[in-house]
1. Per 0.36 nm of contour for each residue apart, how much would the distance between residue 106 and residue 86 grow if the chain were fully extended, relative to their Cα-Cα spacing?
2. Label 7 Å along Cα→Cβ of residue 218; segment 165-202 residues with amide nitrogen under 14 Å?
3. Between residue 187 and residue 143, what's the calculated FRET efficiency when r is the beta-carbon distance and R0 is 25 Å? Round to 0.05.
4. For segment 85-225, what ratio Rg/Rh do Cα atoms give with a Kirkwood hydrodynamic radius?
5. Would you mind ranking 161, 57 by Cβ crowding within 10 Å, fewest neighbours first?
6. Give me the distance between the Cα centres of segment 109-124 and segment 169-197, rounded to whole Å.
7. Place the peptides 169-175, 190-196 in order of packing, highest mean first, counting for every residue the other Cβ atoms within 10 Å and averaging per peptide.
8. Based on the Cβ-Cβ distance of residue 125 and residue 194, what FRET efficiency does E = 1/(1 + (r/R0)^6) give at R0 = 22 Å, to the nearest 0.05?
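No lab work stands behind these numbers, since they all come straight from the coordinates. Computed from a prediction, not measured in an experiment: that's the story for all the values here. FYI the Cβ positions are ideal-geometry reconstructions off the backbone, even for glycines, and counts take in every protein chain you see.
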């Protein structure tokens, strides 16, 4: 495993490639992340130590400690929008770190720890969830479209969460995912959320058609909010 650490806030791009059933690891090289290290120096030092020791379970546990600290900080400042933006970025960066650690680990127990935390966080359906979901753009893994992920889509009425799920599926989803989005669109949600989902479906259908001669839908493609 490389000794340099994960880039902090990786630039998200509009992906148009065809999705597969495996992992897509963008920006996989680990680089130093000063923002996390600055905010959580002790926890980050423990992560670096576990990384150097190449101990899969300890490394995952250390990354989850960082994640918990980032989430606690985000919840503490969520009522102050300007302040919370920095916490949102750090929380997303720590999730990226966790997912990359899971991707690189060959230890099934360690991988399970990350998936369990992934599902637990999705079930909370709080203001932190959109940032968590957006990490799938950089660390796509269909195995993370768990029952909890689909239950979140089914039950949430939060526009930002609906937008995050729609955005990710627009980039990587298949025809079955399109059907799930359509079911959500018909579930009685507000018109703004319906519009977000419909736009994502339009662009998904365009991508899945494979017809590059078609200029695509009239509306601009979905964007991260």
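1. Result: 4.0 nm gained on full extension.
2. Taking a point 7 Å out along Cα→Cβ of residue 218, the residues of segment 165-202 whose backbone N falls under 14 Å are 199.
3. Working from the Cβ atoms, E equals 0.45.
4. The Rg/Rh ratio comes out at 0.98.
5. Fewest-to-most Cβ neighbours within 10 Å comes out as 57, 161.
6. 24
7. 169-175, 190-196
8. The calculated FRET efficiency here is 0.70.
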